[in-house]
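Encoded as structure tokens, the structure appears first; notes follow it.
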Amino acid sequence: MERFCAGDSQAFDALFARHAGAVRGFLRRLTQSEAAADDLTQLTFLSLVRARGRFLAGARFKPWLYAIAANAAKDHRRRGAHETLPGDDALPVQVADAAPVRDLGLEKRVREALEQLPEAQREAILLHRFQGLSFAEIAEQAGVTESAVKVRAHRGYERLRELLGDLAGELS
Amino acid sequence: MSCARLEEVLSENPSAEARAHAVTCPDCGPALQAFDVLGQVAEPTPVPVAALESLKASSVAELRERPRARPWWVEALVLAGANALVAVGASMAMSWHQSQHASLMWRWGAAGALGLLAVVGGWIAVVPQAKRVRSGALLFTVACAVVAVLCGSGDAGGQAFAAGIGCATTECAISAVPMLVAGWVMTRFSSSGLRVWLAGASVGAAGMLALHLHCPNGSAAHLATFHVAPWLMLCFAGVAARRFLPTFAHAP
């Protein structure tokens, strides 16, 4: 990060290679749109370059990067660019041979359930479950206390359990 | 409150003991079930590396154009400096009236608090990752508003309404230039109500400081209606206006 702040483009390339795919996945889940995820990934890394002077030495990079991504997504949503959930016909029907088998019905139900959560809970769960951030890192990203994040995650998971009750029953 | 073992239970590979705990825990049990369901969802189809690479063109161009990072305190200095210049300049430029404060201590105590809010508040509005400090500063703005009302002598003088409109107009006019500066500075950050409110409060404090030192009306009603209320309106206007402004960088 220090080399990147000093303008080293190779350091930026390394950061991009390491995090871009995961950030795009997070934004894809947050916005439910491939196009929006692409635009916001671009915007996230552009913001990273523009605001790198604001990164505090010794701070953790990953929560900061996801804070930028989440802010970009919020701004996108606030400006009315949020797209509605795609219907069944919008789900991918052809998957490459090498790709794992996808349960599209499950994915759709989970997506709809996540969409019903308040933004703060959804963000906490996406970062925790899919991006592998700890509650402490999510707290740093959201600028709140760790216990507040635990409460958000707990309430979010509890609500998801209600919404996906039958699926949870099948798994247990 | 959630269970203290929630994070341990909701890990990629929880221990058998943690799973056993989840069976009986009313907090962890449902959360673990939902966690497991989400684990069944496949990762989004990976984007080809070439497609991902195409997303970094604008960032690389920006990095090439501005290889040196601009430190965060430059923007803090711009806002705090603009507030300080306007507060001092307006205070010096206006004609001096007979003091209408409860006492000298109130006069200079309130002036000190408003000056502090104008300069340090402007700085704190910009400091990165200082949400708690900003929350504290927000409480200080409330204290400043109370002090600004309580510091008057109680002597209203004549033509209360016409003079009041004059005060409100003067305060807004004084605050106009630093408000534009604050608007520009705020577009450099992700939109945050707390940050924008504090920036607006610091800008308004610069205008209110000049009024505080010169206004010949010391009644609490006048101070609340024509000094503090326009200041609060400036803060609300700033927060509302920020929603329509573009964002240069979404970093906090």
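Residues of region A:125-168 that bury at least 40 Å² of accessible area when the other protein chains are present, relative to the chain alone (probe 1.4 Å, heavy atoms, ligands and nucleic acids excluded): A:His128, A:Arg129, A:Phe130, A:Phe135, A:Lys150, A:His154, A:Tyr157, A:Arg161. Remark on B:Gly152: its backbone amide H falls under 5 Å from those of B:Ala102, a criterion applied only to residues 5 or more positions apart or on other chains, H modelled at 1.01 Å from N. Computed from phi, the 3J(HN,Hα) profile of region B:133-143 under the Karplus parametrisation 6.51, -1.76, 1.60 (θ = phi - 60°) reads 5, 5, 4, x, 5, 5, 5, 5, 5, 5, 4 Hz, with x in place of Gly and Pro. Annotation for the A:B interface, with buried accessible surface near 5600 Å², both sides summed [1.4 Å probe; non-protein components not counted].
Mean-square fluctuations from a GNM of chain B, with a 10 angstrom spring cutoff on Cα atoms, peak among B:Arg19, B:Arg66, B:Arg132 at B:Arg19. Entry comment: accessible area of the protein assembly as shown is 46 Å² per residue, from protein heavy atoms only and a probe of 1.4 Å.
Pick from B:Asn217, B:Asn13, B:Asn83: which is most flexible by mean-square fluctuation in a GNM of chain B where alpha carbon atoms under 10 Å apart are linked? Highest fluctuation among the options: B:Asn13. Put simply, the amide H of B:Leu10, placed in the peptide plane, has no neighbours under 5 Å, leaving out anything fewer than 5 places away on its chain.
Judged by a Cβ-Cβ distance under 4.7 Å, the unpaired cysteines of chain B are B:Cys3, B:Cys144, B:Cys151, B:Cys167, B:Cys172, B:Cys215, B:Cys235. By the compact-protein rule of thumb, 2.2 N^0.38 Å, the alpha-carbon radius of gyration of region A:102-172 corresponds to a ratio of 1.14.
3J(HN,Hα) couplings calculated from phi for region B:102-108 with the Karplus curve 6.51 cos²θ - 1.76 cosθ + 1.60 (θ = phi - 60°) are, in sequence order, 4, 6, 4, 4, 4, 4, 7 Hz; Gly and Pro show x.
Let me know the shape class of region B:57-138, please: from the alpha-carbon gyration tensor, a ≥ b ≥ c as square roots of the eigenvalues, rounded when a/c is under 1.5, otherwise prolate if a/b is greater than b/c, or oblate. Oblate, since a/c reaches 1.5 and b/c is not below a/b. Listed by chain and number, the lysines whose alpha-carbon sits under 23 Å from that of A:Lys150, ignoring those within fewer than 8 places in the same chain, are A:Lys62, A:Lys74, B:Lys131.
The helix-based estimate of mean residue ellipticity at 222 nm for chain B, built from -39,500 (n - 2.57) per DSSP H run of four or more residues and divided by its residue count, is -20500 deg cm²/dmol to the nearest 500. So if a site counts as exposed when it's one of the chymotrypsin sites (Phe, Trp or Tyr not before Pro), its DSSP state isn't H, G, I, E or B, and it has at most 11 other Cβ atoms within 10 Å, what's the longest stretch of chain B without one? Result, exposed sites excluded: B:97-243.
Computed in the context of the full set of protein chains, the accessible area of chain B at 1.4 Å probe radius has 71% of its extent on carbon or sulfur. Across peptide B:241-248, the mean count of Cβ atoms from other chains lying within 10 Å of each residue's own Cβ comes to 2.
Here is the size of the protein assembly as shown from its Cα atoms: Rg then Dmax, 26.1, 86 Å. Taken one residue at a time, the phi angles of region A:6-23 give Karplus couplings (6.51, -1.76, 1.60, θ = phi - 60°) of 7, x, 6, 6, 5, 5, 5, 4, 5, 5, 5, 4, 6, 10, 4, x, 5, 5 Hz. Gly and Pro are set to x. Between A:Glu107 and A:Arg3, the contour length at 0.36 nm per residue exceeds the alpha carbon distance by 33.4 nm.
The values are calculated or read from the model by the stated rules, or taken from the named source; none is laboratory data. Computed from a prediction, not measured in an experiment: that's the story for all the values here. Here Cβ is always computed from backbone atoms with ideal geometry, including for glycine, and neighbour counts include all displayed protein chains. Surface accessibility is based on the protein's heavy atoms, side chains included, excluding ligands, DNA and RNA. Shrake-Rupley method; radii C 1.70, N 1.55, O 1.52, S 1.80 Å.
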